[in-house]
Amino acid sequence: MPHPKEERTLVIIKPDGIQRSLVGEIIKRYEQIGLKLVAMKMLVPTAEHIEKHYTLDPEWRRITGEKTIKGYKDKGLTPPTEDPLEVTGILLERLKKYMTAGPVVAMVLEGAHAVKIVRKLTGGTEPLTSDVGTIRGDYVLDSYQMTDADGRSIRNLVHASGSVDEARQEIPHWFSKGELMEYRHIAEEILYN
């Protein structure tokens, strides 16, 4: 079992983050807390790559569909369908269109509790309800209500792995083993020794 300081997570700065020139600001937020950048590249992903990314977990479609339907109902709204797989079919098509609209910056960050720290700094999936002080809360105006009205994916700047297991699946989908750097950062002396 690796030490918690060796935990890694995947972060993808989405096309809206690139277009809004927020790449440096987003990376700065993660580095300032003490996370170490161990891989990074810029690319325009294919629709197939994005679909595979979101379906690495075979349960993603069902779980996400059920959560989405519940979210509609909790807000007193009618979901587009009661079938979780149909709901995620719609979401997946929108995500593919959004994530392939331009370049993304994919990166791997390493450090103590990297997955939870990145999720905390990034904020909730819906920018409207993300806390002030998070990346999504500070830099995005979007909401699920607007995405439904516009028939598009939520613009929320960043993808961040949701769990350690998810990160372990996602990282090799985006990076080969040779693209992941092993090095000692001077800050590690202060943070961990």
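The values are calculated or read from the model by the stated rules, or taken from the named source; none is laboratory data. Quick caveat, the model's predicted, so the values are computed rather than measured. Here the Cβ positions follow ideal geometry from the backbone for every residue, glycine too, while neighbour counts run over all protein chains shown.
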Does at least one position in segment 174-185 carry a residue that is part of a helix (DSSP H, G or I) and closer than 20 Å to Thr55 by Cα? yes
Checking Leu91, Leu10, Leu77 in turn, the sole residue that is of a type outside the set (Ser, Thr, Tyr) and at pLDDT 95 or above turns out to be Leu10
Can you tell me how many residues within segment 142-161 are surrounded by fewer than 19 Cβ atoms within 10 Å (Cβ to Cβ) and either of a type in the set (S, T, N, Q) or at pLDDT below 95 (or both)? 8
Cross-chain or 6+ apart pairs with Cβ under 8 Å, segment 3-16 first and over 19 Å from Pro172 (Cβ atoms), then in a strand (DSSP E or B) and β-branched (Val, Ile, Thr): Ile13/Val104; Ile13/Val105; Ile13/Val158; Lys14/Val104; Lys14/Val158; Pro15/Val104
Which listed residue, of Ala106, Ala47, Ala112, is among the small types (Gly, Ala, Ser), in contact with a Ser or Thr (Cβ under 9 Å, 6 or more places away or on another chain) and closer than 25 Å to Phe175 by Cβ: Ala47
Scan segment 61-83 for residues that are more than 18 Å from Tyr144 (Cβ to Cβ) and in contact with a helix residue (DSSP H, G or I) (Cβ under 6 Å, 6 or more places away or on another chain) and report the count. 2
Considering only segment 162-193, state which residues are touching a Lys or Arg at 6+ places or on another chain (Cβ under 8 Å) and polar (S, T, N, Q). none
Considering only segment 1-20, state which residues are polar (S, T, N, Q) and either surrounded by 17 or more Cβ atoms within 10 Å (Cβ to Cβ) or under 17 Å from Thr134 (Cα atoms) (or both). Thr9
Just to verify a result, which residue in segment 130-144, among those that are small (Gly, Ala, Ser) and either assigned to a loop (DSSP other than H, G, I, E, B) or in contact (Cβ under 8 Å) with a residue 24 or more places away in the chain (or both), is nearest to Leu22 (Cα to Cα)? Gly133
Inside segment 20-48, can you point out the residues that are among the β-branched types (Val, Ile, Thr) and either free of Cβ contacts under 8 Å to residues at least 40 places away in the same chain or farther than 29 Å from Lys97 by Cβ (or both)? Ile33, Val38
